[in-house]
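Student: Sending over a structure as structure tokens; questions will come in a sec.
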Amino acid sequence: MSGLTDAALAAEIAEAAGHVLLAVREELLASGAEDQRAIAKAGDERAQDFIAERLAAERPQDAVLSEEAKDDLGRLDAARVWIIDPLDGTKEFSQGRHDWAVHVALWEDGELAAGAVALPGIGQTLRSDDPPAVPAREDDSAPLRFAISRSHPSELITAVIEESGGDSVAMGSAGFKVCAVVRGEADAYVHAGGQFEWDSAAPIAVARAAGLFTSRLDGSPMRYNQRDVYLPDLIVCRPADADRVRAAVDAATTRA
């Protein structure tokens, strides 16, 4: 076991898993592999194995919740649970794109205690113990830029953008979208439907540490290590933009 803090360990594991994934993809593409599902599956498996081995060695007493492992409900009685997504954005990864991520978060005694999101495609890892300063908006009256799915933006986010008079910025995985708000490439990320705890735990830990507003669509807090791990919706934005974003969400939801 190393003497790393939980946040430092999360960052180290996420970044190293990202290197594993880049190597897997390079290896498969060099061999002539063309099946994107097979490339994604190989990446998921190798990253899962790597992260599981590191956590077992470094934090053997802690429970783990991962997208790529069977859910052991013993975690509900644990004081510490690592919440993992070994490869967030399998489509982007398998297509050779850069907008995918690795998520490693720690839930402790009811709250997210640490988290890191590796963005291997751009060579950056965001961590909760040393979050980047969120760039200020140059013009507070300018349209808000919403991070949206590049392949299947939802009807809700389309309506939210219309209600707010905002603009869209298309990109890949959920983690990459949250980090786009942290990094200043987008002003808000609003999502409804189709996510689980591992899709947002690490990004939300980083976003909170960076001082961003985070909540469910109805304004309630994000809760983790629940029996039902389905956590379908979220809002991430600057605190100064929260009222504006939430008003657009409420109007879009009522319209729907």
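Student: If Glu34 passes every condition in (1) more than 20 Å from Leu112 (Cβ to Cβ); (2) open to solvent by 40 Å² or more (accessible area, probe 1.4 Å); (3) in a helix (DSSP H, G or I); (4) of a type outside the set (Ser, Thr, Tyr) but one, which one does it miss?
Tutor: In the conditions (1) more than 20 Å from Leu112 (Cβ to Cβ); (2) open to solvent by 40 Å² or more (accessible area, probe 1.4 Å); (3) in a helix (DSSP H, G or I); (4) of a type outside the set (Ser, Thr, Tyr), Glu34 misses (3) alone.
Student: Under 7 Å between Cβ atoms, which residue pairs at least 6 apart in sequence (or on different chains) link something in the stretch 1-20 that is within 14 Å of Asp129 (Cβ to Cβ) with a partner that is acidic (Asp, Glu) and in a loop (DSSP other than H, G, I, E, B)?
Tutor: Thr5/Asp129; Ala7/Asp129; Ala8/Asp129
Student: Could you check, for the stretch 159-170, whether at least one of its residues is at pLDDT 95 or above, in contact with a His (Cβ under 9 Å, 6 or more places away or on another chain) and among the β-branched types (Val, Ile, Thr)?
Tutor: no
Student: Could you give every pair whose Cβ atoms fall below 9 Å, whose first residue belongs to the stretch 57-73 and is without any contact (Cβ under 8 Å) to a residue 12 or more places away in the chain and under 18 Å from Asp109 (Cα atoms), and whose second residue is assigned to a strand (DSSP E or B) and open to solvent by 50 Å² or more (accessible area, probe 1.4 Å), counting only separations of at least 6 or pairs across chains?
Tutor: Final answer for the pair search is Asp72/Val64.
Student: Condition test on Ala147, is it surrounded by fewer than 15 Cβ atoms within 10 Å (Cβ to Cβ), part of a strand (DSSP E or B) and of a type outside the set (Asp, Glu)?
Tutor: Values: surrounded by fewer than 15 Cβ atoms within 10 Å (Cβ to Cβ): no; part of a strand (DSSP E or B): yes; of a type outside the set (Asp, Glu): yes.
Taking the combined requirement at face value, the residue does not satisfy it.
Student: Just give me the residues in the stretch 113-144 being open to solvent by less than 30 Å² (accessible area, probe 1.4 Å) and β-branched (Val, Ile, Thr), in sequence order.
Tutor: Val117
Student: Okay, moving on. Kindly establish whether Leu4 is within 15 Å of Ala105 (Cα to Cα), touching an Asp or Glu at 6+ places or on another chain (Cβ under 8 Å) and exposed (fewer than 15 other Cβ atoms within 10 Å of the Cβ).
Tutor: Yes.
Student: Another question, if that's okay. In the stretch 43-81, what residues are among the aliphatic types (A, V, I, L, M) and over 27 Å from Ala23 (Cα atoms)?
Tutor: Within the stretch 43-81, Ala63, Leu73, Leu76, Ala78, Ala79, Val81 meet the criteria.
Student: Out of the stretch 150-184, which residues are part of a strand (DSSP E or B) and of a type in the set (S, T, N, Q)?
Tutor: Across the stretch 150-184, the qualifying residue is only Ser168.
Student: At positive phi, touching a residue at least 24 places away in the same chain (Cβ under 8 Å) and either aliphatic (A, V, I, L, M) or not in a helix (DSSP H, G or I) (or both): is that true of Gly96 in this structure?
Tutor: When the stated conditions are applied, Gly96 passes them.
Student: Name the pairs: first residue in the stretch 158-170 and in contact (Cβ under 8 Å) with a residue 12 or more places away in the chain, second residue polar (S, T, N, Q), Cβ to Cβ under 8 Å, at least 6 apart or on different chains?
Tutor: Close Cβ pairs satisfying both conditions: Ile161/Ser168; Ala170/Ser149.
Student: From the list Gly110, Gly74, exactly one residue is at positive phi, open to solvent by less than 50 Å² (accessible area, probe 1.4 Å) and either out of contact with any Phe, Trp or Tyr (no Cβ under 8 Å at 6 or more places or on another chain) or of a type outside the set (Gly, Ala, Ser) (or both). Which is it?
Tutor: Result: Gly110 is the single residue among Gly110, Gly74 that is at positive phi, open to solvent by less than 50 Å² (accessible area, probe 1.4 Å) and either out of contact with any Phe, Trp or Tyr (no Cβ under 8 Å at 6 or more places or on another chain) or of a type outside the set (Gly, Ala, Ser) (or both).
Student: Answer yes if at least one residue in the stretch 50-61 is assigned to a loop (DSSP other than H, G, I, E, B) and either at positive phi or open to solvent by 50 Å² or more (accessible area, probe 1.4 Å) (or both), and no otherwise.
Tutor: Yes, the stretch 50-61 has at least one match.
Student: Please specify each residue of the stretch 174-202 satisfying the condition of being in contact with a helix residue (DSSP H, G or I) (Cβ under 9 Å, 6 or more places away or on another chain), open to solvent by less than 20 Å² (accessible area, probe 1.4 Å) and within 17 Å of Pro135 (Cα to Cα).
Tutor: Phe176, Lys177, Val178, Cys179, Val181, Val182, Ala186, Asp187, Ala188, Tyr189
Student: Right, here's the next one. Which residue, of Arg25, Arg46, is open to solvent by 50 Å² or more (accessible area, probe 1.4 Å), in contact with a helix residue (DSSP H, G or I) (Cβ under 7 Å, 6 or more places away or on another chain) and basic (Lys, Arg)?
Tutor: Selected residue: Arg46, the only one of Arg25, Arg46 that is open to solvent by 50 Å² or more (accessible area, probe 1.4 Å), in contact with a helix residue (DSSP H, G or I) (Cβ under 7 Å, 6 or more places away or on another chain) and basic (Lys, Arg).
Student: Would you tally the residues in the stretch 79-93 being outside any strand (DSSP E or B), of a type in the set (A, V, I, L, M) and either in contact (Cβ under 8 Å) with a residue 60 or more places away in the chain or buried (at least 24 other Cβ atoms within 10 Å of the Cβ) (or both)?
Tutor: The number of residues fulfilling the criteria is 0.
The values are calculated or read from the model by the stated rules, or taken from the named source; none is laboratory data. As the structure is a computational prediction, the values presented were derived from the model and not from experiment. FYI the Cβ positions are ideal-geometry reconstructions off the backbone, even for glycines, and counts take in every protein chain you see. Heavy atoms of the whole protein, side chains included, go into the accessibility calculation; ligands, DNA and RNA do not. Shrake-Rupley method; radii C 1.70, N 1.55, O 1.52, S 1.80 Å.
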